[in-house]
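Below is one structure, written out as C-alpha cells; comments come after it.
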Amino acid sequence: MTVNVSDRGPVRLIEMNSPPVNALGAKLRMPLLDAIRAASRDDSAGALLLLSGLKTWCAGADIKEFGLSELPAPEASLNAICDALDTCSKPVIAVVDGVAYGGGLELALACDYRAVSARARFAFPEVNIGLLPGAGGTQRTPRLVGVERALRMCLDGKPVNAGQALEMGLADRLLEDGLTEAACAFAEEMLAAGAPVRKISSGPGKLPRPGEAAEVFDGARQLIARRMRGRDSPELIVQCIEQAVACRDDFRAGLAEERRRFVSCLKNPQSKALSHVFFAERAAARGAGGAAARAVERAAVIGCGTMGGGIAMNFAIAGIPVTVLETGEEALERGLSVIRGNFERSEKSGRIPPGGAERSMALITPTTDYGALDGADFAVEAVYENLDLKKRIFTRLDRALGSDAILASNTSYLDIDRMAEATGRPGQVLGMHFFSPANIMRLVEVIEGRHSSADTVATAFSLASRMKKVPVWSANSNGFIGNRMLSGYMFEAFELLFEGTPPESVDAALRDFGLPMGPFQMIDLVGLDLGWRARELAGKPLEERKPGERLGDALCERERFGQKNGRGIYNYSPGSRVPEPDPGVAGLIEELAEELGYKRGPPAGAEEIVKRCMYPLVNVGSALLEEGVARAASDIDIVYVYGYGFPAWRGGPMHYAEQQGLDGVLEDIRGFHDRFGARWTPAQRLVEAAAAGRGFGEG
Ligand code: 3HC
C-alpha cells in the first residue's frame with residue numbers, strides 16, 4: 001500500500017509509503033487524493049495528520065514522469081491534491097520528518113499546520129532541474145514567509161533546517177521523539193482548543209502591496225545575472241512571485257500564472273538536460289558494481305601541494321583522520337598553512353559549520369616519515385606527474401602500509417597498471433583522479449586498472465561518496481575520460497587562433513555557450529609556465545611540440561606566464577581578472593602561424609567556434625565508449641559537468657549532441673574532416689548511433 005490510513009480517536013492518520021523517497025508519481029497521488037477526500041467527508045475524523053512511513057517525508061513530484069509525453073490528468077495531479085487539502089474543512093497537519101522537497105514542501109504548505117521533527121528539511125530544488133515550484137509553492141511561500149525569503153528558497157534550492165523553518169514561520173511546532181504519538185497529541189490539543197483551519201491561500205499574508213518590493217525583485221534579478229547565467233527558469237520564478245504580489249487578493253489567479261510558467265519550463269530543453277544530469281549522477285555512483293566496500297578509518301596522502309592538500313581536506317571533512325607526507329618540513333608547513341587558510345575561508349562562507357575549520361585541522365597529521373603512515377587503510381599519492389617518481393612512491397607505500405591497505409594515485413593521465421606493478425598488491429591499486437580545487441570540485445574519476453579488484457573499486461566509490469563527491473568509473477587509458485577529451489577541445493581552440501580568430505572571440509563564443517570561461521582565459525588562470533617548464537625539463541623536441549605548445553613557449557620566453565604575473569595570452573590590470581587583448585600577442589600569433597604554415601582567413605563566427613570546440617568532445621567521447629574507457633555516455637556528461645564546468649543546463653556534451661541530433665553533428669564532423677583531415681575522423685560509435693537514429697545510451 002502506498003498510503004496507509006488509520007485512526008487514533010478523532011485523528012485520521014494518512015501515511016505516505018512509496019519507496020524510496022515518496023516521489024509523488026501517479027501510484028502515490030491517486031490513493032493520497034482518495035484518502036484526503038475520504039477523511040474530509042468522514043464525520044468521525046476531526047483532524048488529519050499527513051505523515052511519511054519512510055526516512056524521506058516527500059521528495060516532490062516524480063521527476064521520471066516529466067519525461068513522459070503526457071502531463072498527468074488535472075484531476076489526478078499534485079495541484080488537485082493541494083486543492084483537496086486547501087478545501088478540507090478540518091485542520092490538516094503535515095508531520096514532517098526528513099526532507100520535504102519541491103512538491104513535497106508544496107504539499108506541506110497546502111496543510112493548515114506544519115509540525116516537524118529535528119530531522120526536517122525543506123527546500124525548493126526545482127530550480128536545479130530547470131523548473132519552478134508548480135503546485136502553489138511560488139504563491140503560498142511568499143504569503144507565509146515574505147517575498148525575500150521565498151525568492152531565496154526558490155532560487156537557491158538549498159534546504160532550510162527545522163530550526164530555521166520554525167524561526168521563519170514555515171513550521172509551527174517542533175515535535176519530540178516518538179513522533180506519531182507527539183503528532184497525535186498535538187492534533188488533540190488543537191481539537192480541544194478549537195484551533196481553526198488556516199489556509200495560506202485565504203489571504204495575502206506577508207505579501208507586500210504591488211510596487212513595495214521592487215528592490216527585492218531587482219536584487220533577485222541581479223543575482224540571477226551573476227550566478228545563473230544562461231538559465232531560463234530563475235527569471236520565471238521571479239515572475240511567478242511578482243504575480244503573487246500582483247494578484248495578492250486572488251490566489252487562484254496567481255496560481256494560474258504559476259501553472260502557465262511551470263508548463264513552459266517543462267517543455268524547455270533545459271529541464272530535460274538538468275533532469276538528465278540528476279539521474280546520470282546517481283547512475284554514475286552505481287558504477288562500482290556490486291562488491292562490498294572495505295572500511296576506511298585512517299588515510300594517508302602523499303604530497304601536500306595544491307592537489308594533495310585539497311585531497312587531505314576531503315578526508316578531514318569526511319571525518320577521516322589523515323596523515324599527510326611531504327619531503328621536507330618547509331613544504332609541509334607551506335601546504336598546511338594553505339589548508340588552514342582554505343578551511344577558514346570555507347567556515348567564513350558557511351560551507352562548513354562553525355568550529356569546522358578547527359575540528360578538521362585536528363584530523364590532519366603532518367609527517368615527513370613513511371613510518372608514520374602505518375595504520376592507514378587508504379593512501380592517495382598526489383605528487384607531480386612523473387611515472388618513475390610515482391612508481392618509487394608506490395613501492396615505499398607498499399612497504400610502509402598494512403597488507404590490507406588500498407593505494408590510489410591522483411594522476412590525471414599516467415598508467416595505473418605500471419604503478420600497481422611496482423607493488424606486491426596490484427589488486428589493491430587504482431586511480432582516484434580529483435579535480436582542482438580538490439576540496440571544492442565534486443568530480444572524482446575512479447580508474448580501474450587491469451589488476452584492481454572489485455572491492456578496491458567499490459571502496460574508492462564509497463569513499464568518494466563519503467566525501468560528497470560524484471565518482472565516475474573509467475578504464476585505465478591515457479588521460480582517462482576528461483583529459484583525453486579536453487586535449488581535442490584545446491587543440492581545436494588553438495587551431496582557430498592560428499587560422500585567424502582572435503582569442504577573445506573564441507573565449508566569448510564559448511562563454512556565451514555557457515562555459516564559465518573560455519579556453520584561453522583558462523590557460524591564463526592555470527599558468528602557461530607549468531606546461532612550458534615541464535616541456536623544457538623533459539627536453540621535448542621542438543618538432544614534437546603542438547602548435548599551442550609552441551605559442552605557450554613563445555609567450556613564456558617573453559615572461560608572459562598568465563594571470564599570475566598580469567601578462568599571458570591576455571593582459572590583466574593589477575588586481576583584476578578581466579582579460580584585456582594585447583596587440584603584441586596578436587602579432588606573435590600571426591608570426592607563428594606563418595612560420596607553422598597556416599593559411600590565415602577571416603575570424604570564425606560563434607557557431608563555427610562552438611562546433612569546432614564542442615564536437616571534438618562528442619567525437620572523442622564516442623571513441624571512449626567504443627574503447628570501453630567510459631561505460632556510459634551519461635558518465636561522460638557527468639565528467640564534463642562536474643569536472644570541466646560544462647553547463648549543466650545543456651546536459652553534458654553527449655546529451656547536448658543528442659539534443660542537436662546525432663546525424664547533424666556527424667554531418668558537421670564529416671565536413672570538418674574534409675576541411676582539416678584525419679583528426680576529425682568520425683568515431684565508429686557515433687556513426688552507428690547516428691545511423692540507428694537513437695541516442696548513445698541505447699547504442
Ligand atoms: N522523482 C523521482 N525519483 C527520485 C526523486 C524524485 N523527485 N528524488 C529521488 N529520486 C530517486 C533517485 O533517482 C534515486 O533513485 P535510484 O536509487 O534508482 O538511483 C532514489 O530516489 C534515492 O535518491 P538519492 O540517491 O538521491 O537518495 P538520497 O537519500 O541521497 O537523497 C533526496 C534523497 C534528498 C530526496 C534527493 O534524491 C533529492 O534531492 N531528490 C530530488 C528532489 C527534487 O528535485 N524535488 C523536486 C521535484 S520537481 C517538483 O516537485 C515539481 C513540483 O514543484 C510540481
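Summarising the label geometry, the points placed 7 Å from Cα in the beta-carbon direction at E188 and E544 lie 8.3 nm from one another. Less than 5 angstrom separates the built amide H of L49 from those of R12, L13, I14, I93, all sequence-distant by 5 or more or on a different chain.
Only four residue types carry charge here, +1 at the Cβ of Lys and Arg and -1 at the Cβ of Asp and Glu. Report the dipole size of the range 415-518 about the Cα centre in Debye, rounded to the nearest 20.
On the way: 9 positive and 12 negative charges, 136 e Å.
Using Cβ point charges on Lys, Arg, Asp and Glu, the range 415-518 gives about 660 debye.
The calculated FRET efficiency for S89 paired with K267, based on their beta-carbon distance and R0 = 56 Å, is about 0.90.
Multiplying the residue separation of E607 and Y384 by 0.36 nm and subtracting their alpha-carbon distance yields 76.5 nm. Applying the Karplus relation 6.51 cos²θ - 1.76 cosθ + 1.60 with θ = phi - 60° to the range 607-622 yields 3J(HN,Hα) values of 5, 5, 4, 4, 5, 4, 8, 8, 5, x, 4, 5, 5, 5, x, 5 Hz, where x marks Gly and Pro.
Cross-link candidates for K546: which aspartates and glutamates have Cα within less than 12 Å, leaving aside residues fewer than 8 places away along the same chain? The qualifying aspartates and glutamates are E492, E495.
Full extension of the chain between T365 and R418 yields a length gain of 16.2 nm, computed as 0.36 nm times the residue separation minus the alpha carbon distance.
Within the range 443-483, list the trypsin sites (Lys or Arg not before Pro) lying in a DSSP loop whose Cβ has at most 11 other Cβ atoms in a 10 Å radius.
On the way: sites: R450, R466, K468, K469; in loops: R450, K468, K469.
Listed in order of number, the matching sites are K468.
Taking amide H as placed 1.01 Å from N in the peptide plane, G205 has no amide H partner under 5 Å among residues 5 or more places away or on another chain. For E559 and R209, the FRET efficiency from 1/(1 + (r/R0)^6), where r spans their Cβ atoms and R0 equals 60 Å, is about 0.50. Once the dipole of the range 57-198 is set up with Lys and Arg at +1 and Asp and Glu at -1 on Cβ about the Cα centre, which of A183, L85, N161 lies farthest towards its positive end? Going by the Cα projections, it comes out as N161.
Adding -39500 (n - 2.57) for every DSSP H run of four residues or longer, then dividing by how many residues the chain holds, sets the calculated 222 nm ellipticity at -15500 deg cm²/dmol.
Taking amide H positions as modeled 1.01 Å from N, with prolines and chain starts lacking one, the residues under 5 Å from N571 and 5 or more places away or on another chain are E580, D582.
Mind listing which chymotrypsin sites (Phe, Trp or Tyr not before Pro) in the range 30-127 are in a DSSP loop and have 14 or fewer other Cβ atoms within 10 Å? Counting only loop positions with at most 14 other Cβ atoms within 10 Å, none of the chymotrypsin sites (Phe, Trp or Tyr not before Pro) in the range 30-127 qualifies. 3J(HN,Hα) couplings calculated from phi for the range 351-362 with the Karplus curve 6.51 cos²θ - 1.76 cosθ + 1.60 (θ = phi - 60°) are, in sequence order, 5, 10, x, x, x, x, 4, 5, 4, 5, 4, 5 Hz; Gly and Pro show x. Along the positive direction of the dipole of the chain (beta-carbon charges: Lys, Arg +1; Asp, Glu -1; about the Cα centre), which of G104, N571, V11 reaches farthest? So the residue furthest toward the plus end is V11.
Report, in debye and to the nearest 20, how large the dipole of the chain comes out about its Cα centre when Lys and Arg carry +1 and Asp and Glu carry -1 on their Cβ. Spell out each step's value before the answer.
Numbers: 80 positive and 91 negative charges, 189 e Å.
It comes to approximately 900 debye.
Starting from 0.36 nm per residue, how many nanometres of slack lie between R286 and E591 once their C-alpha separation is accounted for?
On the way: separation 305, 0.36 × 305 = 109.80 nm, distance 5.10 nm.
That pair, R286 and E591, stretches by 104.7 nm at full extension.
In the chain, which longest range has no GluC sites (Glu not before Pro) that are both DSSP loop (not H, G, I, E or B) and surrounded by at most 14 other Cβ atoms within 10 Å? Could the numbers behind the result be given before it?
On the way: sites that count: E70, E176, E212, E297, E385, E559, E698.
Segment 386-558 is the longest.
Helix 633-644 and the long axis of the chain differ in direction by around 80°, with both axes built from C-alpha atoms.
The long axis of helix 503-513 is offset from the longest Cα principal axis of the chain by roughly 30 degrees.
Percent of accessible area on the range 314-357 owned by carbon and sulfur, 1.4 Å probe? Before the final figure, lay out each step's value.
Numbers: 1210 of 2340 Å².
On the range 314-357, the fraction of accessible area on carbon and sulfur atoms equals 52 percent.
Per-residue Karplus couplings for the range 448-462, computed as 6.51 cos²θ - 1.76 cosθ + 1.60 with θ equal to phi - 60°, are listed in order as 8, x, 4, 9, 4, 7, 4, 6, 5, 5, 4, 5, 5, 4, 5 Hz, Gly and Pro entered as x.
Computed with a 1.4 Å probe over protein heavy atoms only, the accessible surface of the chain comes to 42 Å² per residue.
Looking at the chain, the DSSP beta bridges with both ends there are about 25 percent antiparallel. In the range 374-527, a dipole from Cβ-located charges (positive for Lys and Arg, negative for Asp and Glu) runs towards its positive end, and of N410, N476, V380 it is V380 whose Cα lies farthest in that direction. Working from label points 7 Å from Cα in the Cα-to-Cβ sense, the E167 to T395 distance is 5.8 nm.
The alpha carbon centroids of the range 326-376 and the range 507-574 are separated by 31 Å.
Rounded, prolate or oblate: which one fits the range 1-142, using the alpha carbon gyration tensor with axes a ≥ b ≥ c (rounded when a/c is under 1.5, else prolate when a/b beats b/c, else oblate)? Here the range 1-142 falls in the prolate category.
Taking Cα atoms only, the orientation of helix 214-227 departs from the longest principal axis of the chain by about 30 degrees.
What the Cβ-Cβ distance of S349 and R41 gives, at R0 = 51 Å and to the nearest 0.05, is a FRET efficiency of 0.45. Taking a quarter of the surface of the Cα convex hull of the chain gives a mean projected area of 33.1 nm². Could you list the residues of the range 502-537 with an amide nitrogen less than 19 Å from a label point located 7 Å from the Cα of R226 in the Cα-to-C-beta direction? Under cut-off, by backbone N: 516-517. Projecting label points 7 angstrom from Cα along Cα→Cβ for K599 and A454 puts them 5.6 nm apart. Here the accessible area of the range 100-206 is 51 percent carbon and sulfur, with a 1.4 angstrom probe and all protein chains present.
Among the trypsin sites (Lys or Arg not before Pro) in the range 161-223, which ones are in a DSSP loop with at most 11 other Cβ atoms within 10 Å of the Cβ? Mind listing them? Before the final figure, lay out each step's value.
Numbers: sites: R173, R198, K199, K206, R221; in loops: R198, K199, K206.
Nothing satisfies the criteria.
The values are calculated or read from the model by the stated rules, or taken from the named source; none is laboratory data. The structure presented is a predicted model; accordingly, all values stated were derived computationally and were not measured. With ideal geometry, Cβ positions are generated from the backbone for all residues, glycine too; neighbour counts draw on all protein chains shown. Side chains are part of the model used for accessible areas, which takes the heavy atoms of the whole protein and leaves out ligands, DNA and RNA. Shrake-Rupley method; radii C 1.70, N 1.55, O 1.52, S 1.80 Å.
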